[in-house]
Amino acid sequence: MSDGPADGRGSGGRSTGGRPTDGQPTDGRPGSRPATWRSRIRNDVRDARVLARTELRCRVRDVRGSARKLLSVAFMAFAFGVFFPLVLWGVATGFGRALASGSPPLGTAGVAFGGIAVLGLYVGGASGFNQEAAGAVGPLVRTSISPTAMSLGRLGSESIQATAVGVPTAVALLLEVAVGARGPVAPALLAVASLPVFLAALAVGRLLGDAIRYASEVLRVSLWTKVLVFLAVTVVGYVGSYRFVYAGLDETGGLAGALPPAFLPGAPLQAYAGVAFAPLGADPRPLGGLVAALLLAAVPLGFAAAVRWETHLLLRESPGDEEQTSGSRGVPWPFTATPSARVAWRYLLRTRRDPRMLAHLGPLLFGMLGMGASVFRNPGSLLTVGPPAATIAGATVAGAAYCMNPLGDDRDQLPLLLTSTRSVAVLLRGRVLAGLVLGLLLAVGVGTPLSIASTSVVSTLALAGFAVVLSLAGAGTALGIGAVLPRFERREYMSVERAHPSTIALICYLFGGLFVGGIGVFMVAWSVDAHSLLLPAIAWTVYLAVLALFGGGGYVAAVRKFDRLTLDET
Amino acid sequence: MTEPSTAILADGLTKRYGSTTAVDDLDLAVESGVVYGFLGPNGAGKTTTMRMLTGLVEPTGGAASVGGTPCTNRRDLVDRVGLLPEKPPLYDELTGREQLQFAADLRNVRWETVSDRALELCEALDLAEDLDRRIEGYSKGMAQKTAFVQAVQHDPAVVFLDEPTSGLDPRAARTLRSQILDIAASDATVFLSTHILPVVEEIADEVGVLHDGHLVAEGAPDELTAAAQGGANDADLEDAFLELTNEPDAALGR
């Protein structure tokens, strides 16, 4: 490599006083000699390290500065470092015993490596796709450290942050394997063998995430298309992993011992396990050696490719999004009826233009997918489970969509909202109405056709009526929860940065809704078939009183709380 | 506590955040129909004062009223005030027109009753052609103009403007100044906080200078200017401001 011209400029680059330019940087100091490729790499690594360290330090300070975040980290540390390892104690110690038995269980080891690879792919893919901060660091890239250092630093810090969550689990599981194996050799080999699998998957996942992000930019995919693709991928991923896990389990729920051949033909991960555990008596095969070599090569090559591509993406001018960004829409009937209804229309309109407003519904989606497991196993149950599930899901959405953090997610507009309304009630009722529209689309729009196909008209009408009542109560209750646990600080969730509702409150609301809604759905079915009116009437009186207490009470509490809200509390 | 011709009245208004006193024992009396320029260095307490006067934060001590309505009574206060905060409170997903209609709905005012005035202001501010574009695509100046129209379209008795010319080009800034004068001419009161001293010098009837939470001077711009630099003939409002706020560079002014 040549040292380049001696006048302090890189050939073809601008004279920037030592600032990195179009691929021909100097060594970073004004007036210094042009950089050799070695010094460039050294400088990039140094700058990347500084950037990653700074990002990680900011993250740690951010967590330390908030009691809520500290509590959340403590909870995660408990769940990942204690709870999961305890649940897996039998499996992990049994695996350790088997590893040290002189005939390592390669099938089980292959499944374990498969799980680690999936984890790496997910972590890498998610961090590669979610590059929300890329726009924010763009100007920094163009005016300070080299783009390569920027990509390297961000890749490092994001990978460390995403991986850190799994470290307590990994350490605890390795300790359990050590207990089962009665020695450190088996867990040490497992750790050493797992690392290339995870890192290679992380690098490949990152590239995949980058590719999806790049494709969506180039194709100028609309936000709605992205949301629909995301939902489709989530459902397919969920169903796929569900079938994968069930295929990998034996009748007793233990590991079946081999990866289903349909997923990875030739069982390469088992072959890799043969190489990894050869010191413990496994029989290594040439395929295993090849897989090991490929994994070891994939780590540096994958990360290098990811850094190069992300550098390119950082410097690339965004094509911009001109689609449908003009044209005002009036308020259609029946939303013209009241100020609240007009406000509701504006929330729906904003959501239609930017569906990311509902990103906080992610946990609900995952919860519903989990609860819909029986339908995946037995599609015929859709007509039985579908109507009540749609009713409860709709009521949950009615509350969770706009009412879980009222005014919190309007934080930037509070000066307008608080100085324009005599009471925030108009705004809160608007949110309830908007939530009802979405919730009833699901509860009645999906539930009613399924119900008609499977039950009587009376049952269908009763369930639809109940859906309206439950949705209304759900929205009111959600307002109350939002008044008790408002969130004004912005945070990133599902790649969307805004003041999302409290996740814990959302999950509690989901389970509460499931419980209360489940009782109501049962009561609907029971009342329709009941021979006497007295008992159902008493039961419904009590039930509706409870709904009114929670729904109405939540609404009143929210109006009182937010009518007195000041910016001091935000 | 209030007098009929007094639009804004503050009596010992105080705001503390922990051990920090943002506004300390502030007394103010702003007459109706005037443009009141509220000056002060960064962190002097201007925004906090404005927030107390519009009911957005609660005073720690003292009292204030706008048009005779206590500032802690936000329910009645909203009918009297219009606020343009430092950061335009707009929704990116709406168009300018939809945003203005939304603001009218919040006040329970039919759009038809305010649309003439709103559109006239937009026309004057050269915003009319962009009203049907989404705010996410607006420049800083366009967002500022939209927020200004939003703050005044319902003809409030008192308008609070925090840095209204921020991000505006010279032509738009001049138009905005003329709109502010029109508002005052219609007997409304304008409470104007800005760092741009020539703006205050040009349009304010009265000026208050806040420093470290204290009102250190109050009077007509020419009175403050005359008092600056010991009455030097070539002193201007900037000299007065620097002198009153004890900026280290004040002595270098002239």
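The values are calculated or read from the model by the stated rules, or taken from the named source; none is laboratory data. On a predicted model such as this, the values are computed, not experimentally measured, just so you know. Here the Cβ is made from the backbone with ideal geometry for all residues, glycine too, and neighbour counts use every protein chain on show. Each accessible area value is taken on the protein alone, full model and side chains, heavy atoms only, with ligands, DNA and RNA left out. Shrake-Rupley method; radii C 1.70, N 1.55, O 1.52, S 1.80 Å.
So here's what we get for this one:
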| quantity | calculated |
| --- | --- |
| Residues (in contact with a Lys or Arg (Cβ under 7 Å, 6 or more places away or on another chain) and either assigned to a strand (DSSP E or B) or farther than 20 Å from B:ARG174 by Cβ (or both)) located in the stretch B:194-210 | B:LEU210 |
| Residue within the stretch A:136-156 that is among the hydrophobic types (A, V, I, L, M, F, W, C), modelled with pLDDT of 80 or more, open to solvent by 50 Å² or more (accessible area, probe 1.4 Å) and closer than 30 Å to A:VAL45 by Cα present | yes |
| Residue in the stretch A:407-417 that is in a helix (DSSP H, G or I), within 14 Å of chain B (Cβ to nearest Cβ) and acidic (Asp, Glu) present | yes |
| Residue identified as more than 14 Å from chain B (Cβ to nearest Cβ), in contact (Cβ under 8 Å) with a residue 12 or more places away in the chain, surrounded by fewer than 24 Cβ atoms within 10 Å (Cβ to Cβ) and part of a helix (DSSP H, G or I) among A:LEU463, A:LEU442 | A:LEU442 |
| Some residue of the stretch A:539-556 being part of a loop (DSSP other than H, G, I, E, B) and under 30 Å from B:VAL78 (Cβ atoms) | no |
| Residue tally, condition without any contact (Cβ under 8 Å) to a residue 40 or more places away in the chain and either away from chain A (no Cβ under 12 Å) or open to solvent by 10 Å² or more (accessible area, probe 1.4 Å) (or both), over the stretch B:120-154 | 14 |
| Residue that is farthest from the other protein chains (Cβ to nearest Cβ) [pool: residues in the stretch B:73-108 that are of a type in the set (Gly, Ala, Ser) and either open to solvent by 10 Å² or more (accessible area, probe 1.4 Å) or closer than 15 Å to A:VAL426 by Cα (or both)] | B:ALA104 |
| The stretch A:370-393, residues that are assigned to a helix (DSSP H, G or I) and at pLDDT below 75 | A:GLY370, A:MET371, A:ALA373, A:SER374, A:VAL375, A:PHE376, A:ARG377, A:PRO379, A:GLY380, A:SER381 |
| Cβ pairs under 7 Å, 6+ apart, first in the stretch A:529-552 and within 15 Å of A:VAL468 (Cα to Cα), second open to solvent by 90 Å² or more (accessible area, probe 1.4 Å) | A:GLY551/A:LEU472 |
| Only one of A:LEU86, A:LEU51 that is modelled with pLDDT of 80 or more, closer than 30 Å to A:ARG487 by Cα and assigned to a helix (DSSP H, G or I) | A:LEU51 |
| Exclusive hit being more than 14 Å from chain B (Cβ to nearest Cβ), more than 21 Å from A:TYR509 (Cα to Cα), over 25 Å from the mean Cα position of the chain (by Cα) and not small (Gly, Ala, Ser), set A:LEU470, A:LEU450 | A:LEU450 |
| Residue count, the stretch B:98-128 (criterion: at positive phi and within 22 Å of the chain's Cα centre (by Cα)) | 1 |
| B:THR49 vs. criteria in contact (Cβ under 8 Å) with a residue 40 or more places away in the chain, open to solvent by less than 40 Å² (accessible area, probe 1.4 Å) and at the interface with chain A (Cβ under 10 Å from one of its Cβ atoms) | no |
| Any chance A:LEU417 is open to solvent by 10 Å² or more (accessible area, probe 1.4 Å) and either out of contact with any Phe, Trp or Tyr (no Cβ under 9 Å at 6 or more places or on another chain) or under 30 Å from B:VAL149 (Cβ atoms) (or both) | no |
| Candidates B:THR54, B:THR60, filtered to the one that is buried (at least 22 other Cβ atoms within 10 Å of the Cβ), of a type in the set (Val, Ile, Thr) and within 18 Å of A:ASP568 (Cα to Cα) | B:THR54 |
| Members of the stretch A:498-532 found to be exposed (fewer than 14 other Cβ atoms within 10 Å of the Cβ) and charged (D, E, K, R), listed by number | A:ASP529 |
| Positions within the stretch A:62-98 being open to solvent by 80 Å² or more (accessible area, probe 1.4 Å) and among the aliphatic types (A, V, I, L, M), in sequence order | A:ALA67, A:LEU70, A:LEU71, A:LEU86, A:VAL87, A:VAL91 |
| Candidate set from the stretch A:332-353 (those that are in a loop (DSSP other than H, G, I, E, B) and among the aromatic types (Phe, Trp, Tyr)); member that is farthest from the other protein chains (Cβ to nearest Cβ) | A:TRP333 |
| A:GLY476 vs. criteria within 18 Å of A:CYS508 (Cα to Cα), open to solvent by less than 10 Å² (accessible area, probe 1.4 Å) and out of contact with any helix residue (DSSP H, G or I) (no Cβ under 6 Å at 6 or more places or on another chain) | no |
| Residue tally, condition in a loop (DSSP other than H, G, I, E, B) and open to solvent by less than 20 Å² (accessible area, probe 1.4 Å), over the stretch B:164-180 | 2 |
